[in-house]
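Structure, as structure tokens:
The values are calculated or read from the model by the stated rules, or taken from the named source; none is laboratory data. What you see is a predicted model, and the numbers here were worked out from it, not measured in a lab. Here the Cβ is made from the backbone with ideal geometry for all residues, glycine too, and neighbour counts use every protein chain on show.
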């Protein structure tokens, strides 16, 4: 396959990217076959889409179970204080996890298979957008983890402090990564 710059090629050349052209040859047939193969192989992403969707559905089912447990706790001990708060945080935690799985399934589908009719906040244009959404949810999950740890063991002193500090460090790291990633031009 020979490449030349635009203007130096006869009428039979095929334009490529950035002003480069390719002369027709037998290599073109191999290129076309490979291109068609790669265009079809991208549909293999349907496998993790289905797996993530099933995992999201199972997690939402788990969330329903947690919700029923929360309602039971609320009925049995309406003055439960920390116990009720802890149970409620666990319910939110599970639904948030299911949402992450669903967002990832939708994101992979949009990136590899095709566009979906989605709200603007859920549209994903590239892998960085998908990672950003994951980071956003991880920050929330870590924050909930801190609250759960505090609610579970307020009387354990420094153990709670260390766990909260570790989770806070994780939140700070993910937030910094997100800020740096979204403020840097990608070079494309």
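Before we move on, is residue 93 in the same structural domain as residue 176 (by TED's automatic domain parsing) and over 26 Å from residue 173 (Cα atoms)?
Taking the combined requirement at face value, the residue does not satisfy it.
Let me confirm something: among 147, 134, which residue is under 23 Å from residue 60 (Cβ atoms), modelled with pLDDT under 75 and part of a helix (DSSP H, G or I)?
Answer to the selection: 147.
Show the residue pairs meeting these rules: Cβ distance below 6 Å; 6+ apart or different chains; first residue within segment 117-139 and surrounded by 15 or more Cβ atoms within 10 Å (Cβ to Cβ); second residue assigned to a loop (DSSP other than H, G, I, E, B).
Correct list of pairs: 130/124.
Part of a helix (DSSP H, G or I), more than 19 Å from the chain's Cα centre (by Cα) and either at pLDDT 80 or above or over 30 Å from residue 40 (Cβ atoms) (or both): does that describe residue 154?
It is false that residue 154 is part of a helix (DSSP H, G or I), more than 19 Å from the chain's Cα centre (by Cα) and either at pLDDT 80 or above or over 30 Å from residue 40 (Cβ atoms) (or both).
With the structure loaded, tell me whether residue 51 is assigned by TED's automatic domain parsing to the domain that holds residue 101, modelled with pLDDT of 85 or more, under 13 Å from residue 97 (Cα atoms) and assigned to a helix (DSSP H, G or I) or whether it fails that test.
Criteria not met by residue 51.
Mind telling me which of the residues 86, 102, 52 ends up being under 20 Å from residue 138 (Cα atoms) and in contact (Cβ under 8 Å) with a residue 60 or more places away in the chain? Break it down stepwise before answering.
Working: 102 fails: in contact (Cβ under 8 Å) with a residue 60 or more places away in the chain; 52 fails: in contact (Cβ under 8 Å) with a residue 60 or more places away in the chain.
Result of the check over 86, 102, 52: 86.
In segment 75-106, what residues are surrounded by fewer than 15 Cβ atoms within 10 Å (Cβ to Cβ) and within 22 Å of the chain's Cα centre (by Cα)?
none
When you look at residue 175, is it at pLDDT below 75 and over 24 Å from residue 42 (Cα atoms), yes or no?
no
Is there a residue being in a loop (DSSP other than H, G, I, E, B), closer than 19 Å to residue 50 by Cα, under 11 Å from the mean Cα position of the chain (by Cα) and at pLDDT below 85 anywhere in segment 107-123?
Among the residues of segment 107-123, not one is in a loop (DSSP other than H, G, I, E, B), closer than 19 Å to residue 50 by Cα, under 11 Å from the mean Cα position of the chain (by Cα) and at pLDDT below 85, which makes the answer no.
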